[in-house]
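Taking it in order: structure first as structure tokens, then the write-up.
The values are calculated or read from the model by the stated rules, or taken from the named source; none is laboratory data. Because the structure is a prediction, the values reported are computed rather than measured. Every residue, glycine among them, receives a Cβ derived from its backbone with ideal geometry; neighbour counts consider all protein chains shown.
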């Protein structure tokens, strides 16, 4: 697994970590977050929308963040990465999870505060738009043994610099739980040096300090991101589906748990197609990576309506040859600025799957 380093963060941070039980032990990153009681988890769902409205108490041009809530599901099937994102709004008119082409080998699914706007300006600032080009890393670099890999750190800092001026405009006390990222990127792609498929989360937290005791003025700053590797798992560990939720307290079992628990709807679907049955068996045995790529893609496409219900969802695939939408988003994806140094086979969010 790729290594990472993590500086201890102050215990007084007002953040909530979406630390999923289904993520399991498959990480090289140190995890130090304290257990959260069920009551606090429930409270988190109630308080999260207050983040985006807390700034409306003041007068004048203030900043408001809109949160994207939902589930991201990823399966690695041989040389293909299959992913889906299900929109589960945190409040009325919430924004959906959005996909961004980050570099030539990675995409990101954005959760949490991925859209910001000023109360005096209706045009939002979207973190999936105008993202700076991330130059390809030297494939022959040597990873630092006790630090996050340079390519990942570059991606993390790029989002950090975009968030910094926005977060600094939050001038009122924000009331929410103490261990939740305000913004999260699910990074999906292929590592350098033939590392293979990988899935990471990059989480961003904030810290507030009271500046004026009688003026309700708080200084808010964004902290350096926290990285967690979700795939590949530790050696000899089961290779299961990866699922990330924002916030973590979204109810219901994961898709992996439904398959392992012989969910009737999924079982009925699989019994009607021998290829689906084989994919379901591979996933249930912890060998999701051995599934036939196209069969795994078709299986997830058929299962998504069962687990999403009336919620919107998107779905795509990645290989060494590029990126294809299976279920594209409703809105067009912003065209990424061309890079003369980018190879022709680099992933693009503008390809459509062949019929």
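Among the residues of the stretch 95-121, those identified as part of a loop (DSSP other than H, G, I, E, B), more than 14 Å from residue 244 (Cβ to Cβ) and at pLDDT 90 or above are 96, 105.
Candidates 124, 145, 89, 139: the one that is out of contact with any helix residue (DSSP H, G or I) (no Cβ under 9 Å at 6 or more places or on another chain), at pLDDT 90 or above and in a loop (DSSP other than H, G, I, E, B) is 89. From the residues in the stretch 228-262 that are on the phi < 0 side of the Ramachandran plot and free of Cβ contacts under 8 Å to residues at least 12 places away in the same chain, which one is surrounded by the most Cβ atoms within 10 Å (Cβ to Cβ)? Across the stretch 228-262, the extreme among qualifying residues is 253.
Considering the stretch 290-303, the residues that are crowded, with 21+ Cβ neighbours inside 10 Å and touching a residue at least 60 places away in the same chain (Cβ under 8 Å) include one that is farthest from the chain's Cα centre (by Cα), namely 291.
The number of residues in the stretch 65-86 being surrounded by fewer than 23 Cβ atoms within 10 Å (Cβ to Cβ) and either assigned to a loop (DSSP other than H, G, I, E, B) or modelled with pLDDT under 90 (or both) comes to 2.
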